[in-house]
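S.K.: My questions will all concern the structure given below.
Bear in mind that the values in this text are calculations on the coordinates, not laboratory data. Please read all numbers here as calculations on a predicted model, not as lab measurements. Neighbour counts are summed over all protein chains in view; Cβ atoms, including those assigned to glycine, are modelled from backbone coordinates with ideal geometry.
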Amino acid sequence: MRASGPLYPGALYFASFETGSFPFPLASDSDLAVITAYGVLNDEGKRSERAIFILDVGGLVIYKNMRYSPSNLQHYQAIFEALGALG
C-alpha cells in the first residue's frame, strides 16, 4: 500500500512540526478514510485502533503493527529497526 494516489483524496493533511517533540509529518483523518483503508477503524466506527505504520519516502508501508502497545518494549525495538532500515 502507498500513502498517495486516489485512495486518499482529501484525507491527509500533513503538518510538519520543526520544533517541539514532533520533528516529522503528522496526519489528520477527519473523515476516517485512511484508517478505514489501513484496516484499523475500531468496532464502533469512530476512531482507529492503536497502530503504527512506517512508510518509506515513496509512500510504501515498510512496517506495520496493527496491535501496537506502548507498554511492549519489543514493539519499540521493531519500530526502531524499521526506522534504521530507512537509512
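S.K.: Hey, with R₀ at 25 Å, roughly what FRET efficiency would Glu81 and Arg50 work out to, going by the Cβ-Cβ distance, to 0.05? Could the numbers behind the result be given before it?
M.R.: Details: r = 19 Å, r/R0 = 0.77.
Efficiency, rounded to the nearest 0.05: 0.80.
S.K.: What list of ³J(HN,Hα) couplings, whole Hz, do you get for segment 55-70 from phi and the Karplus terms 6.51, -1.76, 1.60, once you set θ to phi - 60° and write x for glycine and proline?
M.R.: In residue order, the calculated couplings are 10, 7, 5, x, x, 7, 6, 9, 8, 8, 9, 7, 10, 4, 10, x Hz.
S.K.: What are the GluC sites (Glu not before Pro) within segment 24-87 that DSSP puts in a loop, where the Cβ has at most 15 other Cβ atoms within 10 Å? Don't jump to the answer; show the numbers that get you there.
M.R.: Numbers: sites: Glu44, Glu49, Glu81; in loops: Glu44, Glu49.
Answer in residue order: Glu44, Glu49.
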